[in-house]
Amino acid sequence: MEIIITIIVAIALVLLLRGGRYFLNLAARNKQYHSYVLRIFPWVEVILWFVFIYWAITVHFGNTGIYRVLSGSMAIAFVLLFGWFVLRDFFAGAVLRAGQELEPGMFIKTENFSGSILSLGYITMEIRAGDGEKLIVPYSRLAGKQITKMAAHGRGKSQTIKLEIHQKHGAQNIQKSLKRKVLELPWIIAGEEIKVSLMPVDDSYVAEISFQSMKEDMLPATQEALREFVSKEFSRD
């Protein structure tokens, strides 16, 4: 009978947590509260599952000699889990802030995102991406990653490159692909607008790509990277 009750409670908990996440997402229309819910709710799930497991151990092993061992192991596991999630970000943040000399207002670029630093917390960093979206990034996600510090917003070097591309590849595809490639270059300021205009000439487009670079002398490297990309991605064959 105890096993059946345990199974029923486990199923009810699964349904409760899934339903709770769904209704909280509906209720948290405000982006600020939505972000708060998404950060807190996973911890609520973990705590409830630990409570359930502790209850199940008490029900099935409460009158046995192994109960103290199992309950003590649960407590140690919870402390270790909490420490792993929190302390890893705390120490990773201390190392990054000291080693990279990060500060609010600075533009940074990693392999996963780019934008300006809004604030530096103890365990997370708040970033404003190029599209205006706010990102809350745990420091552990940045540990061991290459971080490129970029020029401040509006202080980059405006540059323009022209390339010829066959029209068969389609105007929208060309513009989208060129913007994506430009953003991949670590010396490009992602916070500034990247424009790609196309002018038809015979059976080709002359693509004019405007962007802002960290340094003026990076223009040759940008031209070489884009020409190599165009020759591979937009072959005339």
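The values are calculated or read from the model by the stated rules, or taken from the named source; none is laboratory data. Worth saying up front: this structure is predicted, and the values here are computed from it rather than measured. Every residue, glycine as well, gets a Cβ built from its backbone with ideal geometry; the counts of neighbours run over all protein chains shown. Keep in mind that these areas ignore ligands, DNA and RNA; they rest on the heavy atoms of the full protein, side chains included. Shrake-Rupley method; radii C 1.70, N 1.55, O 1.52, S 1.80 Å.
Does any residue of region 154-161 turn out to be modelled with pLDDT of 75 or more, under 24 Å from residue 40 (Cβ atoms) and surrounded by 14 or more Cβ atoms within 10 Å (Cβ to Cβ)? Give the derivation first.
Kept after step one, since they are modelled with pLDDT of 75 or more, are these residues of region 154-161: 158-161.
The next check asks that each one be under 24 Å from residue 40 (Cβ atoms); those that pass are none.
There is no residue in region 154-161 that is modelled with pLDDT of 75 or more, under 24 Å from residue 40 (Cβ atoms) and surrounded by 14 or more Cβ atoms within 10 Å (Cβ to Cβ).
Of the residues making up region 183-202, those that are open to solvent by less than 80 Å² (accessible area, probe 1.4 Å) and modelled with pLDDT under 85 are 183, 185, 186, 187, 188, 189, 190, 191, 192, 194.
Scanning region 59-103 for residues that are among the aromatic types (Phe, Trp, Tyr), surrounded by 12 or more Cβ atoms within 10 Å (Cβ to Cβ) and within 31 Å of the chain's Cα centre (by Cα) turns up 78, 82, 85, 90, 91. Among the residues of region 1-18, those identified as in a helix (DSSP H, G or I), of a type in the set (A, V, I, L, M, F, W, C) and open to solvent by 50 Å² or more (accessible area, probe 1.4 Å) are 3, 4, 5, 7, 8, 9, 11, 12, 14, 15, 16.
Among the residues of region 155-178, those that are part of a helix (DSSP H, G or I) and within 11 Å of residue 207 (Cα to Cα) comprise 167, 171, 174, 175, 178.
Being at pLDDT below 80 and open to solvent by less than 20 Å² (accessible area, probe 1.4 Å) is the requirement here; does residue 150 meet it? When the stated conditions are applied, residue 150 passes them. If you check every pair at least six apart or on different chains, which have Cβ atoms under 7 Å apart with a residue in region 62-82 that is touching a residue at least 24 places away in the same chain (Cβ under 8 Å) first and a residue that is in a helix (DSSP H, G or I) and open to solvent by 60 Å² or more (accessible area, probe 1.4 Å) second? Qualifying pairs under 7 Å: 74/53; 74/54. Selection over region 36-58 of residues that are β-branched (Val, Ile, Thr) and either closer than 18 Å to residue 123 by Cα or open to solvent by less than 50 Å² (accessible area, probe 1.4 Å) (or both) gives a count of 4.
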